[in-house]
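Report on one structure; see the data block that follows.
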Amino acid sequence: MFNVKLRFLKFLALFLVICITFFTAYIANSQQLPFDENQFRTSAKEIYKSELASELLIETGIAKRYNMHFDHLMGVLIGNGKDSKLYTRFRGMFVREIGWEHFKDAYAARLAADFSEDELKELLALSKQPVMKKLLQSEFNAYIDTSEQRFRMGFELWNNYNMGRISLPPD
């Protein structure tokens, strides 16, 4: 008899714990936070600024050129710039592991923080002007045209530094 009462009490205690758990979950889920219209407007505005910034990064070619900056590193790491197939493979590895896709949101966030919505619109409009597009394309072409020389010079610089022929400038 005592055994049956003990089991019944355990069952009742377990049932009570389950009921309290469900009741707590129900109360927590049924409470809604008050809607703050200003918070919604601010967040929508920030999203719009971020979209403007992302578009600006694409229009100005910053997104496209970002991965090209790995060429400097590759010039130092692997040589004098004559093996273009090897450079292409290394660039592919750098792009995959630490390329633009990993940093595009941070770049857009920086632009959104540093510029107002009107300034971003103005920069975007400017970047779409034919003469500005021509300037940006010219800078891109100059970067490509000088890449082999940059590879050689970067390799020679690093090699000379490691051999003690040149030293770091003083602080």
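Does Asp71 satisfy the criteria of being part of a helix (DSSP H, G or I), surrounded by 17 or more Cβ atoms within 10 Å (Cβ to Cβ) and out of contact with any strand residue (DSSP E or B) (no Cβ under 7 Å at 6 or more places or on another chain)?
So Asp71 passes the test.
Which of the residues spanning the stretch 128-171 are part of a loop (DSSP other than H, G, I, E, B), touching a helix residue (DSSP H, G or I) at 6+ places or on another chain (Cβ under 9 Å) and within 30 Å of Phe90 (Cβ to Cβ)?
Matches in the stretch 128-171: Arg165, Ile166, Ser167, Leu168.
Working only within the stretch 56-94, note down all residues that are under 14 Å from the mean Cα position of the chain (by Cα) and modelled with pLDDT of 90 or more.
Scanning the stretch 56-94 gives Leu57, Ile58, Ile62.
One residue is enough: does the stretch 113-127 have a residue meeting the conditions under 26 Å from Ile47 (Cα atoms), part of a helix (DSSP H, G or I), among the small types (Gly, Ala, Ser) and in contact (Cβ under 8 Å) with a residue 24 or more places away in the chain?
There is at least one residue in the stretch 113-127 that is under 26 Å from Ile47 (Cα atoms), part of a helix (DSSP H, G or I), among the small types (Gly, Ala, Ser) and in contact (Cβ under 8 Å) with a residue 24 or more places away in the chain.
Could you tell me whether the stretch 147-168 includes any residue that is open to solvent by 90 Å² or more (accessible area, probe 1.4 Å) and of a type in the set (Gly, Ala, Ser)?
Checking the stretch 147-168: at least one residue is open to solvent by 90 Å² or more (accessible area, probe 1.4 Å) and of a type in the set (Gly, Ala, Ser).
Got at least one residue in the stretch 114-122 being under 24 Å from Lys49 (Cα atoms), surrounded by 15 or more Cβ atoms within 10 Å (Cβ to Cβ) and of a type in the set (Phe, Trp, Tyr)?
yes
The values are calculated or read from the model by the stated rules, or taken from the named source; none is laboratory data. These numbers were taken from a predicted model, which means no experiment stands behind them. Neighbour counts run over all protein chains shown; Cβ positions are idealised from the backbone, glycine included. Side chains are part of the model used for accessible areas, which takes the heavy atoms of the whole protein and leaves out ligands, DNA and RNA. Shrake-Rupley method; radii C 1.70, N 1.55, O 1.52, S 1.80 Å.
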